[in-house]
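Student: Sharing a structure below in structure tokens format, with a few things to ask.
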Amino acid sequence: MARFFELLRKFRPYNIKKGFKYLKHYGFKEFMIRLQERIEPEEVPYGPWYEKHAVSEAELEKQRGRKFKEDIKISIAVPVFHTKEIFLREMIDSVRAQSYSNWELCIANASPDDEKVNSILKEYSGRDKRIKTVDLEKNEGIGANTNRAFEMATGDYTALLDHDDLLAPDALFEAAVRIEAEHPDIIYTDEDKVTGADKVHSQPHFKPDFNPDLLRANNYICHLLIVKRELIEKTGGFREGFDGAQDHDFILRCTELAEKITHIPRILYHWRTHQASTADNPDSKLYAYDAGVRAVSESLKRQGYNAKVSQTLDHGFYKVEYEVTGEPLVSVIIPNKDGKDTLKACLDSIFEKSTYKNIEIIIVENNSVTEEIFGYYEELEKDSRVRVIKWESGFNFSAINNFAVKYAKGDYLLFLNNDIEVITPSWIESMLGNAQRKEVGAVGCRLIYPDNTIQHAGIVIGIGGIAGHAFLNMPANRTGYLHRASTQIDVSAVTAACMMMRKDVFEKAGGFEEKLTVAFNDVDLCLRVREMGYLIVYDAYVQMYHYESKTRGAEDTEEKARRFYSEIEFMRGRWISLLKSGDPCYNPNLTLSKSNYSLRVK
């Protein structure tokens, strides 16, 4: 308990009260884990980083002089309700400071009896004809009030801005550049939070490009959101009955209809935090999370999914469990050489813990030499679910698995290392529910070292030069940057140490690349599958132990080193465009030298 009070002292005074609320919600153990994650010193302090990367006055002046080929008008919809004077003025001033001038600010005032608010709105609208206001007869809630602001909008696109938040001065300019180049239906940007009169910047949210699984798990798009007017009209704007999650519901419906969604990886929106704001106190609107469950559930139903949505311990984050259709045969492919005890531990955990039973196990024998392993094979083959096939050439991970697939009778392939042990009993159902989704090409899971640190939580392209595991060596009880390690998300690749694919997708992709005998073959396969238009899903709710040594893979002979570097060159040659443009499931402002989602120093 002493440690608890020591940590709380590092918070602002009003956060101590909030801390006790969270303690009640999480329980002591989970609360301490999240509290420690929250207050650990930033590896690269964000405040100075933000100042360095914020747009300069010289750049703003250059932006003001740019001539656009298209006359793109951006409306900004703001519902106002008893906003504090300083916040209201600063919000409007942030719009008027935009380097892009073809905008209109549409304010729906739901507090017409508030003389101070009325005075400020009259002052600004008199000063700038681009500012339009309408008084509402009554406050009908943020969704309905925003719809009234939408009705005022005459622009080609409409941006959403909360009444006490701030736009970066280049926000609309950056949006206009993308609109002219790409004509997207939706644009969203990165964001951070500002606190106090001196506007201290903190808690940056660096987002991936459009990530449907993450959007179902959390409204990560949030701010700044800019939507084409025709799309707003198609969706009908905000809906009743989703108070607190009205924006999540709106974004889900918009993205379902959008053809082009553009992400601008810059901090262009500043979400103000104070005692009453949900930005700093998510516990203040618990009803919002029930509405969030309904928003995600309805979105899934509209798209034809049978799925269960539930809240997680972390407010605003949801778990989606996709129902398995039928009981298809899953072919589990395990390459093996010697190591009877390792293989036995793996198979025992599958047979004893797995709740899904319609499986076949194909063990690919690869040049074992010990008598005990062959004796174990004979014992295993008495089980009708197990077959042992022989690969007699030298070790080539890709070729071995391609060979095994020819023997697989199942429509679903589950590639598994022999040093994996089951933690999650429903692991096959969870992965299978995702693999059955028509848009999903491969599914991976959360792998944990025996010392309870993370071995795999998805793969980031570019880390270490080619690709690396996210959150490598982070304590497994932690949730990672914005809970990314504990949330189902779309990634560019997952490890084949435990990876499920539909057989038809595997065959359409051409299987594993046999020129990659040891390294990066799973990454290469996933990238080819993504090129075909499929998603690669990291299922954080499936956890497995991976007994791979943390020091495994040292290239300690000339032959191994030569092979490793040749595979690096192969990947660099095949995927040079992606390596240059960056992983779309990551953010270019985050480091590629480490796996911890810290800021990139540049």
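The values are calculated or read from the model by the stated rules, or taken from the named source; none is laboratory data. Here the structure is a predicted model, which is why all the values come from computation and not from measurement. Virtual Cβ from ideal backbone geometry, glycine too; neighbours counted across all protein chains shown. The area values use the complete protein model at the heavy-atom level, side chains included, leaving out ligands, DNA and RNA. Shrake-Rupley method; radii C 1.70, N 1.55, O 1.52, S 1.80 Å.
Student: List the aspartates and glutamates whose alpha-carbon lies under 20 Å from that of residue 67, not counting same-chain residues fewer than 8 positions away?
Tutor: Answer for residue 67, where 20 Å is the Cα cut-off: 57, 59, 104, 156, 170, 174, 180, 182, listed by chain and number.
Student: Once the Cα atoms of helix 13-26 and of the chain are each reduced to a long axis, what angle between those two axes, in degrees from 0 to 90 to the nearest 10, is obtained?
Tutor: Value to nearest ten degrees: 40.
Student: Give the accessible surface of the chain per residue, rounded to a whole number of Å², with probe radius 1.4 Å and ligands, DNA and RNA excluded.
Tutor: With all protein chains present, the chain gives 43 Å² per residue.
Student: Going by amide H atoms built from the backbone, whose H comes under 5 Å of the H on residue 440, apart from near neighbours?
Tutor: Those lying under 5 Å, H to H, from residue 440 are 535.
Student: Can you list the HN-Hα couplings for segment 401-410, worked out from phi with the Karplus curve (6.51, -1.76, 1.60; θ = phi - 60°), rounded to whole Hz and with x for Gly and Pro?
Tutor: 6, 4, 4, 5, 4, 4, 9, 6, 8, x
Student: Now, a different point. Is it possible to state the helix-based mean residue ellipticity at 222 nm for the chain, with each DSSP H run of 4+ residues giving -39500 (n - 2.57), the sum divided by total residues, to the nearest 500 deg cm²/dmol? What is it?
Tutor: Helices in the chain give a 222 nm mean residue ellipticity of -11000 deg cm²/dmol.
Student: Still on this model: List every residue whose amide H lies under 5 Å from the amide H of residue 356, counting only residues 5 or more places away in sequence or on a different chain, with H placed 1.01 Å from N in the peptide plane.
Tutor: For residue 356, whose amide H was placed from the backbone, the distant partners under 5 Å are 428, 429.
Student: Order of 460-468, 184-192, 381-389, 294-302 by packing, highest average Cβ count within 10 Å first?
Tutor: With the highest mean Cβ count within 10 Å placed first, the list reads 184-192, 460-468, 294-302, 381-389.
Student: Can you work out the Karplus-derived ³J(HN,Hα) for every residue in segment 467-476? Use 6.51 cos²θ - 1.76 cosθ + 1.60 with θ = phi - 60°, whole Hz, and x for glycine or proline.
Tutor: These are the phi-based 3J(HN,Hα) values: 6, x, 6, 5, 6, 4, 6, 6, x, 5 Hz.
Student: Using θ = phi - 60° and the Karplus form 6.51 cos²θ - 1.76 cosθ + 1.60, what ³J(HN,Hα) does each residue of segment 117-133 get, whole Hz, x for Gly and Pro?
Tutor: These are the phi-based 3J(HN,Hα) values: 4, 4, 5, 5, 5, 5, 4, 6, 5, x, 7, 9, 5, 6, 9, 10, 10 Hz.
Student: Give the residue from 401, 101, 118 lying farthest towards the positive end of the charge dipole for the chain; charges sit on Cβ (+1 for Lys and Arg, -1 for Asp and Glu) and the dipole is referred to the Cα centre.
Tutor: Looking along the dipole axis, the top candidate is 118.
Student: Charges at C-beta only: +1 for Lys and Arg, -1 for Asp and Glu. How large is the resulting dipole of the chain about its Cα centre, in Debye rounded to 20?
Tutor: 820
Student: Using a 1.4 angstrom probe on the protein heavy atoms only, line up 210, 68, 512 by accessible area, largest first.
Tutor: 210, 68, 512
Student: Suppose we keep just the DSSP beta bridges with both residues in the chain; what percent of those would be antiparallel, to 5?
Tutor: That works out to approximately 45 percent antiparallel.
Student: Moving to a separate point now. Please list 155-167, 260-272, 309-321 highest first by mean number of surrounding beta-carbon atoms within 10 Å per residue.
Tutor: My ranking of the peptides, most packed first, is 155-167, 260-272, 309-321.
Student: Continuing with the same structure: Assuming R0 = 30 Å, can you tell me the calculated FRET efficiency for the pair residue 71 and residue 122, based on Cβ-Cβ distance, to the nearest 0.05?
Tutor: 0.55
Student: Another question, if that's okay. Using a 1.4 Å probe on the protein heavy atoms, what percent of the accessible area of the chain belongs to carbon and sulfur?
Tutor: 50
Student: Pull out the extension gain between residue 310 and residue 329, defined as 0.36 nm times the separation in residues minus the alpha carbon to alpha carbon distance; nm, one decimal.
Tutor: 4.0 nm
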